[in-house]
Amino acid sequence: MLKRERIIRRFYPYILLLPTFALIGVVLTYPWIWTLVLSLYRYSPLYPDRTQFIGLQNYLKVLSDSRFIDSLGKTGFVVAGSVGVEMLVGLGLALLLNMNLKGRRIFRLLILLPYMLTPAAVGLMWRVMLHNEWGLANYFLGMIHLPKLRWISDPHLTLPIVILMESWIFTPFVTIVLLAGLQSIPIEQTEAARMDGATRPQMFRFITVPWLGPLLLLVFVFQLMHSLRIFATVYALFRSPGPANAGMVLGIYLYETFRMTWDIGLTSSISYLLLLITALSSVYFIIRLYKRIT
Amino acid sequence: MKKFCVLLVTCLLCLVMLSIGGSAKAVETISFLMKTGGGGAALGGGVELFNKKFEGKYKVEMVMLPLEQMQEKQVIQYITNTPTFDVFGINPATESVNFPNLTNLGPNLKEAGIDMSQFGMLVDQCTYQGQVVALPVRVGVEIVYYRKDWLEDAGLEVPDNWWTYREVARKLSKDVDGDGKIDIYGDFIKMKDRWRSYAVLKHFVLENGLGGTVLNASVSGAKVENPAPSPWLLSEYFINGLKFMESFWKEGISPDPVAQNFEENIWAIQQGKVAMSNMHSARVLFIEDPEKSKAAGKMGYTILPTQQLGPKPYVKDIGCWKLGIPNNSQNKELAFNFISFMASYEAQKYMALNYKNGPTLLRVLDDPDFLALDPSLPTLRKAYNLPLASEMPTEVKETEQVQQICHEELQKFALGIQSAEETARNMYDRLDNELTLTPAW
């Protein structure tokens with residue numbers, strides 16, 4: 001009896017967790033495995049009778065495609081730009097909102113507004129604002145006698161605009177998370193430092209940053225993983241990969257490849273490569289974060 | 001007692017839900033997937049009419065999605081073989097994905113006594129490998145929208161060829177506020193997305209004596225094995241056509257084409273920023289809406305200009321929306337009843353009168369009730385009579401890959417990255433090397 005009770009007690013948590021794992025297994029694991037299997041085939045819904053196992057040929061095809069390499073470079077540029085801006089501006093805004101300023105409660109609310117909008121709605125909104133002929137951006141440039149820019153059609157401006165839009169949407173998220181972190185810094189530490197004659201930069205360097213360290217790393221990882229998979233904002237803004245494919249980031253490359261070829265196998269291999277890139281670029285930071293937390 | 005009450009309420013609720021479910025089943029229902037926008041709104045009117053006519057017996061549930069999402073839903077239904085929808089809306093851009101997976105309507109048409117010849121030239125657009133797989137329900141052609149009042153004020157005639165069209169556009173381009181920048185454009189070329197880029201290439205160049213297509217018109221038959229680029233792409237005619245097109249934005253007659261698509265075109269006309277432009281005839285609805293458009297009541301319409309750019313005869317491209325039944329539909333009989341109703345005189349007239357739908361039955365166009373309602377109708381009637389572009393097999397005709405290749409090269413040309421000669425050469429080479437349709441499979 002005692003042995004039976006011990007066995008039940010030992011396995012009871014797993015039995016309770018079984019429905020959750022089953023759901024995760026179906027919703028997450030099955031598509032992962034199925035996508036991996038599909039990536040080893042040449043398969044199109046237009047010609048299902050011509051499905052053929054081709055091993056790693058899809059992966060080799062993608063890796064040797066100059067457009068894929070080009071999209072990697074563009075994605076890297078967008079990631080570096082957007083994550084950098086989001087972290088710097090987000091931290092700056094969090095520090096500002098942490099100060100005892102008048103109206104800070106309203107600002108804290110207003111700052112969340114961009115984050116509440118869907119990326120597709122943001123893309124459409126910016127499309128109207130940035131219209132070359134009749135958009136608000138060029139209107140204001142004209143008011144201060146600056147030359148109008150070809151926001152939507154100049155390939156050199158495409159990625160900076162994407163960085164700007166992404167930063168506009170996601171900086172509030174970074175701000176709110178870091179603000180919560182700032183507000184959890186024990187007040188005694190800052191008071192003690194002030195009494196010891198520490199300057200503001202010193203307090204920031206030796207108190208604020210170490211305390212915020214895990215949170216900074218956390219938001220960095222989130223934003224990194226998100227930025228690698230940008231799609232909705234670019235597509236809503238340009239409804240294409242942008243002028244002369246200047247906005248062909250990895251997400252757009254994947255989508256366009258599918259639309260052009262209807263080759264599920266090839267597209268699955270691209271999605272797996274994207275998964276691999278996301279995992280490889282964030283695993284180091286995740287391990288560091290885990291070590292800091294534990 | 002408490003437990004008994006809870007049990008009783010639960011049983012009652014189950015009974016109520018069962019009875020609702022039971023009564024719902026008594027009405028035979030099918031689901032119909034269509035694109036949002038004017039087409040969806042117009043066909044929605046037809047669905048409404050069908051549901052009203054067959055109330056209590058049949059019901060059609062319509063789902064509207066943006067074009068890309070609609071196409072994805074269609075492909076998912078084929079891949080997963082899940083019969084979510086019984087009827088699909090299909091346009092030329094989505095034919096290649098759908099046609100191989102649609103039901104052959106031949107036996108049903110024969111049984112119902114429906115004569116396909118009443119749809120005229122649109123029959124070819126509903127046929128795949130010799131079988132009728134869809135029925136046409138909405139037609140549209142590219143026509144010229146022009147400001148009648150501005151043309152009259154300037155003493156100009158409505159242009160009928162591209163050379164006079166450019167002259168008229170030049171004269172109508174204005175710098176209203178004297179700041180040295182054009183405020184009203186004579187024309188509005190759109191190359192932001194691949195559908196528009198390809199349409200621009202066709203209207204300005206390909207239809208005007210070059211066969212109407214970028215692919216080799218001699219490649220024909222039920223199954224294309226090796227689609228090849230048209231040799232006309234390397235001709236002086238094609239290069240001159242590109243240069244002619246380029247003159248519009250280089251001279252400032254049209255705004256930067258890479259930044260424009262049909263939505264910007266509609267806004268621009270509505271706001272009185274454009275004197276002339278060519279667009280799908282279905283957009284008349286938006287331009288003539290007095291609540292949104294400053295140009296309402298001031299517009300004129302005519303068929304696209306022509307010019308003999310190359311040695312082949314002028315051809316026209318008319319696209320239509322059609323309705324087809326996927327092979328895995330669970331209710332093909334009702335689905336056929338629905339689509340044949342939508343293509344009938346009754347529904348076509350109703351949709352045209354009430355929803356500005358472009359009718360697919362020619363005799364509907366001759367109905368005198370229309371003229372008062374849709375000022376673009378005479379133009380539409382005229383456009384129907386023009387010779388069609390050479391028919392390419394569905395596997396390659398207007399596929400997105402063909403459009404995308406042309407679009408990318410045209411955008412580089414419009415941005416000044418490459419010359420007309422380089423554009424022609426690159427387009428030819430890429431169509432020769434990159435098409436991954438039947439040859440790859």
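For region B:34-71, enumerate the residues that are β-branched (Val, Ile, Thr) and not in a strand (DSSP E or B).
B:Thr36, B:Val47
Looking at B:Leu242, B:Leu285, can you tell me which residue is touching a Ser or Thr at 6+ places or on another chain (Cβ under 7 Å) and over 17 Å from A:Arg150 (Cβ atoms)?
B:Leu242
If you take the residues in region B:263-286 that are more than 14 Å from every other protein chain (Cβ to nearest Cβ) and not in a strand (DSSP E or B), which one is surrounded by the fewest Cβ atoms within 10 Å (Cβ to Cβ)?
B:Leu285
Go through A:Ile176, A:Ile169, A:Ile161 for me and flag whichever is outside any loop (DSSP other than H, G, I, E, B), within 18 Å of B:Val258 (Cα to Cα) and more than 11 Å from chain B (Cβ to nearest Cβ).
A:Ile161
Check whether at least one residue in region A:46-62 is modelled with pLDDT of 85 or more, within 14 Å of chain B (Cβ to nearest Cβ), over 25 Å from B:Val97 (Cα atoms) and out of contact with any helix residue (DSSP H, G or I) (no Cβ under 6 Å at 6 or more places or on another chain), and report yes or no.
There is no residue in region A:46-62 that is modelled with pLDDT of 85 or more, within 14 Å of chain B (Cβ to nearest Cβ), over 25 Å from B:Val97 (Cα atoms) and out of contact with any helix residue (DSSP H, G or I) (no Cβ under 6 Å at 6 or more places or on another chain).
List every residue pair whose Cβ atoms lie under 9 Å apart, where the two residues are 6 or more positions apart in sequence or sit on different chains, the first residue falls within region A:135-154 and is more than 23 Å from B:Asp193 (Cβ to Cβ) and free of Cβ contacts under 8 Å to residues at least 40 places away in the same chain, and the second residue, located anywhere, is among the aliphatic types (A, V, I, L, M) and surrounded by 14 or more Cβ atoms within 10 Å (Cβ to Cβ).
That search, which allows pairs on different chains as well, returns A:Leu141/A:Leu149; A:Pro147/A:Leu141.
Residues being surrounded by fewer than 16 Cβ atoms within 10 Å (Cβ to Cβ) and without any contact (Cβ under 8 Å) to a residue 60 or more places away in the chain: count how many of those fall in region B:151-166.
5
Does B:Ala259 count as crowded, with 21+ Cβ neighbours inside 10 Å, among the hydrophobic types (A, V, I, L, M, F, W, C) and within 14 Å of chain A (Cβ to nearest Cβ)?
Here the answer is yes, as B:Ala259 does meet what is asked.
Every residue in region A:205-253 that is of a type in the set (D, E, K, R) and either in a loop (DSSP other than H, G, I, E, B) or within 12 Å of chain B (Cβ to nearest Cβ) (or both), please.
Matches in region A:205-253: A:Arg229, A:Arg239.
Can you name the condition, by its number, that B:Phe88 falls short on among (1) within 11 Å of chain A (Cβ to nearest Cβ); (2) within 12 Å of B:Ile325 (Cβ to Cβ); (3) aromatic (Phe, Trp, Tyr)?
Just one mismatch for B:Phe88, condition (1).
Please return the ranges of helices (runs of 4 or more DSSP H) entirely within region B:323-368 where 3 or more residues are over 19 Å from the mean Cα position of the chain (by Cα).
In region B:323-368, the matching helices (runs of 4 or more DSSP H) lie at B:332-342, B:345-355.
Just one of the numbered conditions (1) free of Cβ contacts under 8 Å to residues at least 40 places away in the same chain; (2) part of a strand (DSSP E or B); (3) among the charged types (D, E, K, R) is not true of B:Arg138; which one?
So the condition that B:Arg138 fails would be (1).
Could you tell me whether region A:18-35 includes any residue that is under 23 Å from A:Met260 (Cβ atoms), touching a residue at least 40 places away in the same chain (Cβ under 8 Å) and within 14 Å of another protein chain (Cβ to nearest Cβ)?
Yes, region A:18-35 has at least one match.
Here is a yes/no grid of residues against (1) modelled with pLDDT under 90; (2) in a strand (DSSP E or B); (3) touching a His at 6+ places or on another chain (Cβ under 8 Å):
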| position | (1), (2), (3) |
| --- | --- |
| B:Ile76 | yes, no, no |
| B:Phe88 | no, yes, no |
| B:Val97 | yes, no, no |
| B:Asn104 | no, no, no |
| B:Leu122 | yes, no, no |
| B:Tyr146 | no, yes, no |
| B:Glu152 | no, no, no |
| B:Glu157 | no, no, no |
| B:Trp163 | no, no, no |
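Let me spell it out: the conditions are (1) farther than 30 Å from B:Leu49 by Cα; (2) at pLDDT 75 or above, and B:Gln330 meets all of them except one. Which number is the exception?
Only one criterion in (1) farther than 30 Å from B:Leu49 by Cα; (2) at pLDDT 75 or above is unmet by B:Gln330, namely (1).
Give region A:254-265 a look and list any residue that's in contact (Cβ under 8 Å) with a residue 24 or more places away in the chain and within 9 Å of chain B (Cβ to nearest Cβ), or say none.
Once the filter is applied, which keeps residues that are in contact (Cβ under 8 Å) with a residue 24 or more places away in the chain and within 9 Å of chain B (Cβ to nearest Cβ), region A:254-265 yields A:Tyr255, A:Thr261, A:Trp262, A:Asp263, A:Ile264.
The values are calculated or read from the model by the stated rules, or taken from the named source; none is laboratory data. Worth saying up front: this structure is predicted, and the values here are computed from it rather than measured. Virtual Cβ from ideal backbone geometry, glycine too; neighbours counted across all protein chains shown.
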